[in-house]
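Here is the structure we will look at, set down as structure tokens.
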Amino acid sequence: MEARRNALLADMARDAELERSDFLVRAGEQLDRFMAAHKHRIQQLGGLVLIDDDPDYLAVNADGTFRSRSRIYDDARGEWISETEVVETAAELVEIYNPADILQAFAEAQAEDVGVSDVDGAPVDADEDGVVTDDAYAAAADQWAAGQPKAAEATDEGGAAVALYELALDFQDRSQRTEAGLIEQFENAAGGVLGLVDPVVVVDDEDEHLELAVGGFRGRVIPEGGTGWQDISSPDQIVRFYDPTDIFGDLAEALVDAYPHVTGAAEGDEAREDHEDAEDSEEKES
């Protein structure tokens with residue numbers, strides 16, 4: 001009976017994930033159409049604040065990108081910290097916010113919501129066409145510089161070793177965040193088709209197992225020096241044990257084993273692209 005219930009729940013979860021992926025794709029396309037239709041209005045307004053409910057903040061910039069601020073609890077520091085990020089496309093935004101809430105915020109916007117401030121509260125400078133001016137780029141450059149690692153400094157060999165050690169740990173953390181982003185981007189891009197194929201086993205050894213199925217990569221490992229299995233599912237967890245380059249390479253090989261025709265299809269697509277490029281070149285020359 002329990003096995004039957006688990007099977008029913010798994011089927012329901014698989015279909016729900018497919019519906020979610022399809023919904024997000026359609027919602028992103030709908031929001032894209034809305035943004036394209038009102039592109040010039042948003043430029044003329046100099047952007048628009050959509051949500052300003054501390055700590056949550058969402059604004060659309062004059063260039064059509066979005067700025068989002070949220071607050072998360074940092075376990076290491078033992079305190080709440082605010083994070084601000086630029087969201088480039090509507091497709092990315094609907095992963096964070098309910099699309100209906102975004103459109104409702106546009107519908108309820110008032111005159112006092114017009115114009116967007118930077119992270120320090122100063123207005124973002126844009127010309128009458130909505131193009132960000134040099135002052136805004138200078139502010140962005142300052143913000144970028146603030147996020148760069150502090151240059152290593154020391155006056156003796158021991159201090160130099162400490163500085164390099166701390167810098168190495170800092171860049172290890174940065175590398176893992178970047179790699180986790182690649183895993184997450186792949187899962188988002190692949191979400192719409194994963195339900196159409198069987199789970200693909202990427203790695204299967206005595207002390208590790210990783211597969212790709214609806215919902216993304218899932219696996220378990222026995223950490224070095226450990227005795228028990230540890231489940232891994234989030235991108236942050238996965239990159240602690242795997243290099244994304246190896247994952248994608250092993251996944252491609254596993255797909256060839258399971259679906260031998262994929263290599264022929266890929267070669268056919270490449271040949272068609274080469275042919276189309278050649279035709280375009282001939283048209284330009286003529």
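The values are calculated or read from the model by the stated rules, or taken from the named source; none is laboratory data. Since the model is a prediction, treat every value here as computed from it, not as a measurement. We place every Cβ from the backbone using ideal geometry, glycine too, and count neighbours over all the protein chains shown. Just the protein is used for accessible areas: all its heavy atoms, side chains included, with ligands, DNA and RNA removed. Shrake-Rupley method; radii C 1.70, N 1.55, O 1.52, S 1.80 Å.
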Given the criteria at pLDDT 80 or above and closer than 13 Å to L251 by Cβ, does L164 qualify?
no
Residue in the stretch 11-19 that is under 30 Å from A105 (Cβ atoms), modelled with pLDDT under 80, acidic (D, E) and out of contact with any Asp or Glu (no Cβ under 7 Å at 6 or more places or on another chain) present:
yes
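Matching residues to (1) modelled with pLDDT under 85; (2) of a type in the set (A, V, I, L, M); (3) surrounded by 13 or more Cβ atoms within 10 Å (Cβ to Cβ); (4) part of a helix (DSSP H, G or I):
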residue: Q237; (1), (2), (3), (4): no, no, yes, yes
residue: T245; (1), (2), (3), (4): no, no, no, yes
residue: E253; (1), (2), (3), (4): no, no, no, yes
residue: E270; (1), (2), (3), (4): yes, no, no, yes
I'd like the full set of residues that are assigned to a loop (DSSP other than H, G, I, E, B), open to solvent by 70 Å² or more (accessible area, probe 1.4 Å) and either touching a His at 6+ places or on another chain (Cβ under 8 Å) or not hydrophobic (A, V, I, L, M, F, W, C) (or both), limited to the stretch 222-235.
E224, G225, T227
Any hit, the stretch 208-217, residues being open to solvent by 70 Å² or more (accessible area, probe 1.4 Å) and without any contact (Cβ under 8 Å) to a residue 60 or more places away in the chain
no
Qualifying residues in the stretch 154-190 (those that are under 30 Å from V214 (Cβ atoms) and β-branched (V, I, T)) - the one least open to solvent (accessible area, probe 1.4 Å)
I183
Got a sec? Which strands (runs of 3 or more DSSP E) wholly within the stretch 42-153 have at least 1 residues that are exposed (fewer than 12 other Cβ atoms within 10 Å of the Cβ) and at pLDDT below 80?
48-53, 66-74, 79-87
Across the stretch 191-201, which residue is nearest to the chain's Cα centre (by Cα) among those that are surrounded by fewer than 16 Cβ atoms within 10 Å (Cβ to Cβ) and of a type in the set (A, V, I, L, M, F, W, C)?
V193
